[in-house]
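This report concerns only the one structure given below.
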Amino acid sequence: MNASSLLSSLKESSTIFWNARNARERAILASAGLALALCLIYAIFFGPALNGRAQLSKDLPMLRQQAAELQALSKQAGELNRAGGPAPAPISQESVATSLVSRGMKPQSLSVTDDVVRVQLAPVSFAGLLDWLDDQQKTSRLSVVDANFVALPQTDMVNATLTLRQHRSEEKFE
């Protein structure tokens, strides 16, 4: 059975059903169908929209307050970024060597020129090296420009060659 024959048989049976009803029954069936159609239209289209609108109206004051707080925090962060902070002390070979030795690392070679530090370490704990780098980033504003790590057979041990750069107070962090 194809779709057109199914459609024609459905049309024929509905015509027979409709013609078998008197005028009063047809009016009742038509009004019930119309009421059912209106209920479906409301349930599908209007009900969710009205409920969503009511929910948004209820949430809007809280969302506006959160937006205002975010704008204030954003403005404060911008001011802090512009203000920077006290300029870190210029980095020196002695200060880098002292901080490395205090962490139990002895550099094979260490050179400091202007705001660039080049250090070669062998063998050191990778976790200890990361801790030292984190500390240097916070205290001296040193960031890694180039890094080369060679893993050693011992767990957590590496040979490392690092190039670090000190950020000045006039440089902005984004």
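The values are calculated or read from the model by the stated rules, or taken from the named source; none is laboratory data. Just so it is clear, the model here is predicted, and its values are computed rather than measured. As a convention, Cβ positions derive from the backbone with ideal geometry for all residues, glycine included, and neighbour counts pool all protein chains shown. We work out accessible area using only protein heavy atoms, side chains counted, and drop any ligands, DNA or RNA first. Shrake-Rupley method; radii C 1.70, N 1.55, O 1.52, S 1.80 Å.
Some values worked out for this structure:
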quantity	calculated
Computed over the chain: relative contact order in percent, which uses C-alpha pairs under 8 Å that are six or more apart	17
Under the span-like rule (Cα at least 18 Å along the axis, Kyte-Doolittle mean at least -0.5), DSSP H helices of the chain	3-19, 23-41
Kirkwood hydrodynamic radius over Cα pairs of region 22-67, then Stokes diffusion coefficient at 20 °C and 1.002 mPa s, in µm²/s	161
Length gained when the stretch Ser95-Leu80 is fully extended (0.36 nm per residue, less Cα-Cα span)	2.6 nm
Heavy-atom surface of region 59-174, accessible at 1.4 Å and reported per residue (Å²)	66
Net length gained if the chain between Leu56 and Ala30 were fully extended (0.36 nm per residue, minus Cα distance)	5.6 nm
Region 55-174: mean projected area of Cα convex hull, nm²	11.2
Val150-Val116 pseudo-label distance in nm [points 7 Å out on the Cα-to-Cβ vector]	2.2
Rounded percent of accessible protein surface that carbon and sulfur make up, the chain, 1.4 Å probe	61
Sequence-separation-based contact order of region 37-131, relative, with Cα cut under 8 Å and 6+ spacing, percent	14
Top of Ser14, Ser57, Ser140 by mean-square fluctuation, Gaussian network on the chain, Cα under 10 Å	Ser14
Unit charges at the beta carbon, dipole of region 69-124: most positive-side option, Pro88, Ser109, Gly78	Ser109
Relative packing of 99-108, 25-34, which averages over residues the other C-beta atoms within 10 Å, highest first	99-108, 25-34
